[in-house]
1. Count, please, the residues in region 1-35 that happen to be modelled with pLDDT under 95, loosely packed, with under 13 Cβ neighbours inside 10 Å and outside any helix (DSSP H, G or I).
2. Just one of K58, K45 is of a type outside the set (S, T, N, Q), surrounded by 10 or more Cβ atoms within 10 Å (Cβ to Cβ) and in contact (Cβ under 8 Å) with a residue 12 or more places away in the chain; which is it?
3. Within region 63-70, is there a residue that is surrounded by 13 or more Cβ atoms within 10 Å (Cβ to Cβ) and either in a helix (DSSP H, G or I) or modelled with pLDDT under 95 (or both)?
4. Suppose the filter is over 10 Å from the mean Cα position of the chain (by Cα) and in contact (Cβ under 8 Å) with a residue 12 or more places away in the chain; does A25 pass it?
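The values are calculated or read from the model by the stated rules, or taken from the named source; none is laboratory data. Here the structure is a predicted model, which is why all the values come from computation and not from measurement. Here Cβ is always computed from backbone atoms with ideal geometry, including for glycine, and neighbour counts include all displayed protein chains.
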Amino acid sequence: MGAFDQAKDKAEQLKGRAKEKFGDATDNESLANEGRADQVKGKAKEKFHDVQDDAGDKLHDAKERLTGDRDENR
């Protein structure tokens with residue numbers, strides 16, 4: 001995952017935690033639930049990016065095996 005994507009996903013999770021805590025502190029259930037949803041979305045995006053990276057790595061490895069190419073920068 002790119003560092004930018006990773007930072008965005010983590011920021012969304014942190015924003016969600018803050019909303020949840022603030023919602024809990026002010027007895028605002030709607031805000032707390034919104035914060036929980038933000039956390040779930042951030043985690044889901046993070047997992048999605050991890051899966052994308054893994055798939056890209058596997059595709060690259062398969063290409064190397066099939067073509068005999070070796071990327072020495074990897």
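1. Residues flagged as modelled with pLDDT under 95, loosely packed, with under 13 Cβ neighbours inside 10 Å and outside any helix (DSSP H, G or I) within region 1-35 amount to 1.
2. K45
3. Checking region 63-70: at least one residue is surrounded by 13 or more Cβ atoms within 10 Å (Cβ to Cβ) and either in a helix (DSSP H, G or I) or modelled with pLDDT under 95 (or both).
4. The answer is no for A25.
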